[in-house]
Each structure stands twice: as structure tokens, then as C-alpha cells.
Amino acid sequence: MGIVVIGVLVAAFTGVLVVGLLRGPWDDEPREKPSFGATETPSGPSTPSPASEPSSGPTEVPEPGSLETVDVSEVSVAPPVGLDQKGDFRTGVTLRITSIEAVNGVGRGPGEVSGPALRLTMEARNDSGDPVSLEGMVVDLRYGAPDTPGMPLTEPGAKPFEGELAPREQAAAVYVFAVPEESRRLVTVAASYTGSAPTLLFEGDALQAAR
């Protein structure tokens, strides 16, 4: 009887030992499941990509140009005078038309067209105490009603004002404008040499003034 009990115990112990050896010490811990191509996302703080990093350059939109209102003095126009009268710029400088001639205009420059024209000889006088620049002198002619611009021509003999006019001196200039023969009953000549002086107007019948 005792031999039988001992045999049973030996057999039981031997089975437990074999089972323990087969399992191994790691079988008590859960095994990690195999992955099939999936990657695990790190749990730490993410690092921004270079594209998302703020630029080191300026990011502000440039300010638009100033919209402040600038006071601009309105250019005044003197009352018109006759073609044979003197105009006064009220700066010590006066201007008059010394002659008007009917000529055959010759187109030399771009856009100029030859044809009937009026040639005006003008004289400026400086009675102020300072030299006056005539480089900015602008002379314009209009004819008919409504006003039609007379095209400036180079020939014959056009020679605009230029240079500087000394005190108590006078200078002459010649302007040629294309004006049809049938449109010379009413002619207006405008002249200006500075924005600080009024524009002069000379009006009249060019047919009577022409000689």
C-alpha cells in the first residue's frame, strides 16, 4: 500500500515538472500580438514640420499709400482782352500779340498736317525786379464755336519762348497754328507761364487782325 502511494506521488510530481518546463517562465506574461504593416504613433509631443514653422520674414501687409487730401490752388483765368491788347500776368510780366499772319502751315513733326494756318508773333516784357524763366510758357489757340483746338505746327518759322527774361527786358516768340480759313472770325489765344499767375486770354476776329 505504501509503495502504491509513493508511486502516485512520484508520477504526479513528474507531470507537474514536465508541464512547467514546457511553459517556461515567460508564459505567465501576456504576449504581444504581431503587427501587419501598421506602425504605432509615438505618444510624445509632435514636432512641427518645416512647412508649418513660422516664417522669419515680415508677415504684415504693407500699408497702402496715403489718401490725405492735398490742397491745390485753382489756376485763375484773367478776363479776356482783344487780340491787339496787352495781357498782364500781375507778376510784373506782360504779354501781347504783335502780329497775326495768314500762312500755309507745313507739318514737320509727328501728327502735324500741312494746311491753312495763322502765325502769331508774341512779345513778353519783364518789368519785375527779378529774372523770369520763360521755359514753362504755354500758348494755345482755339477757334470757332464750340472751341476747336488749333494744331501747333513747326513751320513756317515757329520759335517758342525759351530761356530767362532779365528785368526790364523783352523777348519775342513765334507760334503757328492750323486754322481753317472759314473759321477765323472767332479766335481765342491762351497763354500761361507759371501756376502762380493767371492764364491770359486774347479774343477777337483773326481776319481783321491778320496782316
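The values are calculated or read from the model by the stated rules, or taken from the named source; none is laboratory data. The model shown is predicted, which means the values in this text are computed figures rather than measured ones. Glycine gets a Cβ as well: all are built from the backbone with ideal geometry, and neighbour counts include every protein chain shown.
Let me spell it out: the conditions are (1) more than 25 Å from residue 144 (Cβ to Cβ); (2) surrounded by 15 or more Cβ atoms within 10 Å (Cβ to Cβ), and residue 90 meets all of them except one. Which number is the exception?
With respect to (1) more than 25 Å from residue 144 (Cβ to Cβ); (2) surrounded by 15 or more Cβ atoms within 10 Å (Cβ to Cβ), residue 90 is out only on (2).
Looking at residue 161, is it buried (at least 21 other Cβ atoms within 10 Å of the Cβ), modelled with pLDDT of 95 or more and part of a strand (DSSP E or B)?
In short, no.
Residue by residue, here is whether (1) surrounded by 13 or more Cβ atoms within 10 Å (Cβ to Cβ); (2) within 23 Å of residue 195 (Cβ to Cβ); (3) in contact (Cβ under 8 Å) with a residue 12 or more places away in the chain holds:
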{"site": "105", "(1), (2), (3)": "yes, no, yes"}
{"site": "118", "(1), (2), (3)": "yes, no, yes"}
{"site": "139", "(1), (2), (3)": "yes, yes, yes"}
{"site": "143", "(1), (2), (3)": "yes, no, yes"}
{"site": "149", "(1), (2), (3)": "no, yes, no"}
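Kindly check whether there is at least one residue in region 103-116 that is closer than 17 Å to residue 202 by Cβ, of a type outside the set (Lys, Arg) and part of a strand (DSSP E or B).
no
Does residue 132 qualify as being β-branched (Val, Ile, Thr) and at pLDDT below 95?
Spelling it out, it is not the case that residue 132 is β-branched (Val, Ile, Thr) and at pLDDT below 95.
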